[in-house]
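This report concerns only the one structure given below.
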Amino acid sequence: MSGVVHVVGGGLAGLAAALALTGAGRAVVLYEAGPACGGRARSYDDRQLGCRLDNGNHLLLSANRTVFDYLDQTGARDTLVGPGAPVFPFHDLSAGLGWTLRLSRGRLPWWVLDRKRRVPGMRLSELGGLVRLMRAGPETTVAQCLRPGALADRLMIPLAVSALNTRPESGSAALMGRVMRESMAKGGAACIPWFPRDGLSESLVDPALSTLRARGAEIRTGCRVAGLEMQGSRVGAMLLPDGRRALPPGDQVVLALPAHSVRDVAAAVLPELRVPDAFESILNLHFRADLLGRLTGDLALARFAGVVGGLTEWVFVKEGILSVTVSAANHLAERPQEQLAAAIWAELRAVVLPYVPPGEQARLPEAMPAYRCVREKRATFAATPAQERLRPECRTRIANLVLAGDWTATGLPATIEGAMRSGLAAARALGPSAGRP
């Protein structure tokens, strides 16, 4: 194909599609409605806190091969940091108990036999729930697979909530099982955690945009595509802020918009399109606190910790900031922000103080410091069996139009890995030389 590919949406799905297409020699124009690309995985300067923040917290695993291929294309792999081992600190607020999960690097799960490496209080009989999870059918929920006990309460439910952004009572076991098969089932070598050293934009967005520009792509931010028009059996025009843009016969379109936006843009050309229509929110609180480089123990090594028994789910230690993430947060929508922040700050202190040397504890005062609350109201589709049935394939009945996004039928929940795989699938659908074989 010699025409231009118009990638609509500058999130990670759109960026992955654009990289694959330009890598195959295609001409690309990328349209982003907002002032900056990155979607739900970007950084910005926060004037109130006087520092740079990520709009969310994302933990990558060494099993995320698509993400690492993307980083290698853009030369940004070395912008990630992590403990270098499958190490996951946890804290149970209700029991006042801290521990560290240390997975075996190989496929054989020797860690389950070592009380110092596994979940405290777990019974080996609970492992049967993991087997059921990885074999679950499309209508089964996570809660129906797990056996009651410490393994479920202290590890699997927190992991499922963060991976699916959906509570286990309604979350799809098939999706969680796919995550397990691609990570924990492959051993600890597939579960080494990584995260951006400086910020999401510095790792996932800015290097990609630089690579695209170097390959000749045009990046148009602040350019909202309002709709598409048909010409015969193909998309023949795009409705842009500066008017109608006709598309020559060789041009193609990748719609890489959020699920709640794509139907409006595609209404005139794909009126029958069904997409997920139930969503879950994510709550992030960023507290001003300077503890990076001053902690001890496994929290100093990992720079993050999982939390159970409270509102807090994950704590991330960053430069000048302590960040907390609460997934599947629709149930907190009516809670006042100040009340939530105060409760979470108290939990955060309980988690972090054991790792703070006595001489540094003044950096974690009882009085809540300045903070920023970021609510992503429609962060992801609700990863339920019913919503999974609504996820469309990337190909459409229109030859020059494909879809991309973590809400398409990737087989994964709405993760960075899933978003990037959708971008590659869209690129491949437009030409056999684009994307990963």
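The values are calculated or read from the model by the stated rules, or taken from the named source; none is laboratory data. Computed from a prediction, not measured in an experiment: that's the story for all the values here. We place every Cβ from the backbone using ideal geometry, glycine too, and count neighbours over all the protein chains shown.
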Being more than 21 Å from the chain's Cα centre (by Cα), basic (Lys, Arg) and either part of a helix (DSSP H, G or I) or over 17 Å from Ala305 (Cβ atoms) (or both) narrows it down to one of Arg107, Arg52, Arg117, Arg40, so name that one. Arg107
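Applying the selection to region 329-341, what residues are out of contact with any Leu (no Cβ under 8 Å at 6 or more places or on another chain) and either surrounded by 13 or more Cβ atoms within 10 Å (Cβ to Cβ) or not assigned by TED's automatic domain parsing to the domain that holds Pro369 (or both)? Spell out the reasoning first.
Filtering region 329-341 for residues out of contact with any Leu (no Cβ under 8 Å at 6 or more places or on another chain) gives 330-331, 333-339.
If the condition is that a residue be out of contact with any Leu (no Cβ under 8 Å at 6 or more places or on another chain) and either surrounded by 13 or more Cβ atoms within 10 Å (Cβ to Cβ) or not assigned by TED's automatic domain parsing to the domain that holds Pro369 (or both), then Asn330, Arg335, Gln337 are the ones that fit.
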So which residues in region 122-163 are touching a helix residue (DSSP H, G or I) at 6+ places or on another chain (Cβ under 6 Å) and part of a helix (DSSP H, G or I)? Glu126, Gly129, Arg132, Leu133, Met134, Val142, Cys145, Leu151, Ala160, Ala163
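Please note which strands (runs of 3 or more DSSP E) are completely contained in region 318-437 and include at least 3 residues that are touching a Ser or Thr at 6+ places or on another chain (Cβ under 8 Å). Reasoning before the result, please.
Details: elements: 321-326, 371-381, 401-403.
Result: 321-326, 371-381.
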Name the single residue, out of those in region 139-154 being crowded, with 22+ Cβ neighbours inside 10 Å and in contact (Cβ under 8 Å) with a residue 24 or more places away in the chain, that is nearest to Ala386 (Cα to Cα). Val142
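Can you tell which of Pro249, Pro276, Pro271 is touching a Gly at 6+ places or on another chain (Cβ under 9 Å) and in a loop (DSSP other than H, G, I, E, B)?
Numbers: Pro276 fails: touching a Gly at 6+ places or on another chain (Cβ under 9 Å); Pro271 fails: touching a Gly at 6+ places or on another chain (Cβ under 9 Å).
Being touching a Gly at 6+ places or on another chain (Cβ under 9 Å) and in a loop (DSSP other than H, G, I, E, B) holds for just one of Pro249, Pro276, Pro271, which is Pro249.
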Just give me the residues in region 348-396 being polar (S, T, N, Q) and without any contact (Cβ under 8 Å) to a residue 40 or more places away in the chain, in sequence order. Gln361
Quick one: would you say Leu59 is outside the structural domain of Ser162 (by TED's automatic domain parsing) and more than 20 Å from the chain's Cα centre (by Cα)? no
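Name the strands (runs of 3 or more DSSP E) wholly within region 178-235 that hold at least 2 residues that are touching a residue at least 12 places away in the same chain (Cβ under 8 Å) and crowded, with 21+ Cβ neighbours inside 10 Å?
193-196
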Of the residues Arg375, Arg389, which is under 30 Å from Asp277 (Cβ atoms), modelled with pLDDT under 95 and surrounded by fewer than 23 Cβ atoms within 10 Å (Cβ to Cβ)? Arg375
In region 385-403, is there at least one residue being within 13 Å of the chain's Cα centre (by Cα) and of a type outside the set (Phe, Trp, Tyr)? no
For region 242-292, what are the residues that are free of Cβ contacts under 8 Å to residues at least 12 places away in the same chain and of a type in the set (Lys, Arg)? Arg245
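Within region 286-309, identify whether any single residue is among the polar types (S, T, N, Q), more than 18 Å from Phe195 (Cα to Cα) and part of a loop (DSSP other than H, G, I, E, B), and answer yes or no.
Applying the first criterion (among the polar types (S, T, N, Q)) to region 286-309 yields 296.
Next cut, more than 18 Å from Phe195 (Cα to Cα) only: 296.
Retained after the next criterion (residues that are part of a loop (DSSP other than H, G, I, E, B)): 296.
Yes, that holds for at least one residue.
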Flag for Gly50 being at positive phi and surrounded by 18 or more Cβ atoms within 10 Å (Cβ to Cβ): no
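Just to check your reading of the model, which residue among Val67, Val8, Val81, Val87 is crowded, with 24+ Cβ neighbours inside 10 Å and either under 30 Å from Val119 (Cα atoms) or outside the structural domain of Ala226 (by TED's automatic domain parsing) (or both)?
Numbers: Val8 fails: either under 30 Å from Val119 (Cα atoms) or outside the structural domain of Ala226 (by TED's automatic domain parsing) (or both); Val81 fails: crowded, with 24+ Cβ neighbours inside 10 Å; Val87 fails: crowded, with 24+ Cβ neighbours inside 10 Å.
On inspection, the qualifying residue turns out to be Val67.
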